[in-house]
1. If you take just the helices (runs of 4 or more DSSP H) that sit entirely in region 89-170, which of them hold at least 2 residues that are among the hydrophobic types (A, V, I, L, M, F, W, C), over 19 Å from Leu211 (Cα atoms) and within 21 Å of the chain's Cα centre (by Cα)?
2. Does at least one position in region 44-55 carry a residue that is surrounded by fewer than 12 Cβ atoms within 10 Å (Cβ to Cβ), aliphatic (A, V, I, L, M) and either in contact with a helix residue (DSSP H, G or I) (Cβ under 9 Å, 6 or more places away or on another chain) or assigned to a helix (DSSP H, G or I) (or both)?
3. So which of Ser197, Ser184, Ser219 ends up being over 16 Å from Phe265 (Cβ atoms), of a type in the set (S, T, N, Q) and surrounded by fewer than 17 Cβ atoms within 10 Å (Cβ to Cβ)?
4. Could you grab the pairs with beta carbons closer than 6 Å, sequence gap of 6+ or different chains, first residue in region 110-129 and assigned by the TED database to the domain that holds Leu149, second one in a helix (DSSP H, G or I)?
5. Does Trp34 satisfy the condition of being exposed (fewer than 14 other Cβ atoms within 10 Å of the Cβ), assigned to a loop (DSSP other than H, G, I, E, B), out of contact with any Lys or Arg (no Cβ under 8 Å at 6 or more places or on another chain) and modelled with pLDDT of 85 or more?
6. Can you tell me which of Tyr99, Tyr75 is surrounded by 16 or more Cβ atoms within 10 Å (Cβ to Cβ) and farther than 21 Å from Ala154 by Cβ?
7. Going by the conditions given, is Pro199 under 26 Å from Phe166 (Cα atoms) and at pLDDT 85 or above?
8. What pairs come out if I take residues in region 73-102 that are in contact (Cβ under 8 Å) with a residue 12 or more places away in the chain and pair them with residues that are buried (at least 21 other Cβ atoms within 10 Å of the Cβ) and among the basic types (Lys, Arg) whose C-beta lies under 7 Å away, six or more apart or interchain?
Amino acid sequence: MLSQNQSNKKLLPNLGQYAGLLLFLLFLIFPLYWMLVTSFKDNSVLFKIPPEWVPSQPIITHYAKLLSDNIFLVYYKNSLVVSASTTLITLLFAMFAGYGFSRFHFKFKNFLMFSILSTQMLPVVSLLIALYAMYKSYGLLNTQFGLILALTTASLPFSIWMIKVFFDGIPVALEEAAKIDGCSRFGILFRVIFPLSKPGIFSVGIYTFILSWDDLLYSLTLINKDHLRTLNPGISVRYMGEVAYDWANIMTVCLTATIPIVVLFLFFQKYMVAGLTAGAVKG
């Protein structure tokens, strides 16, 4: 009897925790669910009281309309190209810079690392006017290369720090052993350091891709030509009405735009969670 009472006492706080977590999960998932069900409704039933939690007459008109819209597919392709390119370039620079900060000792190393990280404190809005003027001078406006360059610069500080933290956790003895076996510096990087840092590299890659995919301010400011726009500015310019809103169509567009991020997280969540957790512990 005593042990049963003790078990009940332990169970009650756990039930409270699980109930709280469930409510928080519902709070996070509900916007996605509502976006999904709205995309299958007609605009005439969107504001019914009580609301339709499940569409009584689901339609796929909005999806058919969207897939036949060539400019939306262009926006989608542009976002994929910009995000993938930004991710690859950021990873390339971050891995080598992170290794340099982790393994080499030089003057003002800590100050330089702090200076790089401090750029993250600046709001993007405060940089846009100067960036626009500079891009105009160098002919980088309305180019995907210019947008990729801006997004790479924005994502590099955190990426360098994150990968450096992982490299710090790898014993130097492993490199020394590989050097004795005849490995060159690049051989050590590609055969020892990078494979052991896979969770961190995946985490940084996912972080950079999401940052690029979700970008609005850089894309909206630096790209004015419709055929070069990425998804977010394309949605805000083309699908958001000035007077009336086609909410069902907007929800369809937004839901379609979230698919790559959801798929990315589903496939790589193991690496992302492991990378962020390990990075937080080591940092």
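The values are calculated or read from the model by the stated rules, or taken from the named source; none is laboratory data. In this text the structure is predicted, and so the values were computed from the model without any measurement. In this analysis, Cβ positions are derived from the backbone assuming ideal geometry, glycine residues included, and neighbour counts consider all displayed protein chains.
1. Numbers: elements: 109-118, 124-138, 144-168.
In region 89-170, 144-168 are the helices (runs of 4 or more DSSP H) which contain 2 or more residues that are among the hydrophobic types (A, V, I, L, M, F, W, C), over 19 Å from Leu211 (Cα atoms) and within 21 Å of the chain's Cα centre (by Cα).
2. Within region 44-55, one or more residues are surrounded by fewer than 12 Cβ atoms within 10 Å (Cβ to Cβ), aliphatic (A, V, I, L, M) and either in contact with a helix residue (DSSP H, G or I) (Cβ under 9 Å, 6 or more places away or on another chain) or assigned to a helix (DSSP H, G or I) (or both).
3. Ser184
4. Close Cβ pairs satisfying both conditions: Met113/Phe101; Ile116/Pro157; Leu117/Pro157; Leu117/Trp161; Thr119/Pro157; Gln120/Pro157; Val124/Leu217; Leu128/Thr221.
5. Details: exposed (fewer than 14 other Cβ atoms within 10 Å of the Cβ): yes; assigned to a loop (DSSP other than H, G, I, E, B): no; out of contact with any Lys or Arg (no Cβ under 8 Å at 6 or more places or on another chain): yes; modelled with pLDDT of 85 or more: yes.
It is false that Trp34 is exposed (fewer than 14 other Cβ atoms within 10 Å of the Cβ), assigned to a loop (DSSP other than H, G, I, E, B), out of contact with any Lys or Arg (no Cβ under 8 Å at 6 or more places or on another chain) and modelled with pLDDT of 85 or more.
6. Details: Tyr75 fails: farther than 21 Å from Ala154 by Cβ.
Only one candidate passes the filter, namely Tyr99.
7. On the way: under 26 Å from Phe166 (Cα atoms): yes; at pLDDT 85 or above: no.
In short, no.
8. Close Cβ pairs satisfying both conditions: Tyr75/Arg229; Asn78/Arg229; Gly98/Lys164; Phe101/Lys164; Ser102/Lys164.
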